[in-house]
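Below is one structure, written out as structure tokens; the observations come after it.
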Amino acid sequence: ILSENQYVTNAKLGRGIVEFAVKIPDTQNGEILLPIDSKFPGDTYMNLQDAYDSNDKTTILSAQKALIERIKSEAKDIHEKYIIPPTTTDFGILFLPTEGLYSEAIRAGLPEEVFHKYRVFITGPSTLSAMLTTLQIGFRSIAVQKRSTEVWQILGEVKTEFGKFADALVKTQNKLESASKELESLVGTRTRAMNRRLENIQNYISELPDNNN
């Protein structure tokens, strides 16, 4: 679900090594980690399955209680070892790798209790997938937000440069208008003056005696 650059495998956190840590973009620290640890109390869960097969209520209740305490213990372990803000998020994820095991946790009301007590989300295969998908959407939103900031910055720079260009254009236009007036003066006044001089010369030549006479 996530790309390899969005999480760390066997990340060293606090007093232990957590199986996975998802990199969460953070505006203040740049990046923090969300610890995810997989727990599968296989023996305790199998004991519960055997109890269901025996159809003995006392055995079933005892096995359910043992599983509940085991999951709580695993959540406490995650809380104490891996949740260390600001290096990490202020919560972690306990992943139960089978839907049957996750269903037992749901039936016992553990997700709410464990989260309030240890700040640990209990997830199964389907819920972890949904959570990671949500995180990925969050990553994309942050990327878009950062890109939007860059776009606005570029637009701001373009606006500034356009303002400078407009000022330069006005100054150039003024110079062109001034040059046009000077050119008009040169072509008009100066040309008329030169024409008068040339006419005077032509008149002078016409008044000269004809050498053939």
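Of the solvent-accessible surface of the range 1-65, computed with a 1.4 Å probe over protein heavy atoms with every protein chain present, carbon and sulfur atoms account for 48 percent. Amide H to amide H, with H built 1.01 Å from N, residue 122 comes under 5 Å of 94, counting only residues 5 or more places away or on other chains.
Projected onto planes of every orientation and averaged, the convex hull of the alpha-carbon atoms in the range 23-110 covers 6.2 nm². Extension gain, residue 15 to residue 31, is 3.7 nm, computed as 0.36 nm per intervening residue step minus the present C-alpha separation. Which pairs break 20 Å Cα to Cα here: 23/76; 12/117; 81/117; 12/76; 39/72; 23/117? The pairs that break the limit, which is 20 Å between Cα atoms, are 23/76; 12/117; 23/117. Spin-label model, residue 52/residue 136: points 7 Å from Cα along the beta carbon direction are separated by 3.1 nm. With the gyration tensor restricted to C-alpha atoms of the range 45-85, the semi-axes of the equivalent ellipsoid amount to 30, 8, 4 Å, longest first.
Can you tell me how the range 1-147 classifies by the Cα gyration tensor, rounded, prolate or oblate, using a/c under 1.5 as the rounded cut?
Here the range 1-147 falls in the prolate category.
Taking each residue as 0.36 nm, the span from residue 106 to residue 90 lengthens on full extension beyond its C-alpha to C-alpha distance by 3.5 nm.
The values are calculated or read from the model by the stated rules, or taken from the named source; none is laboratory data. All figures in this text were calculated on a predicted structure; none of them were measured in a lab. Here the Cβ is made from the backbone with ideal geometry for all residues, glycine too, and neighbour counts use every protein chain on show. With ligands, DNA and RNA removed, areas are computed over all heavy atoms of the protein, side chains included. Shrake-Rupley method; radii C 1.70, N 1.55, O 1.52, S 1.80 Å.
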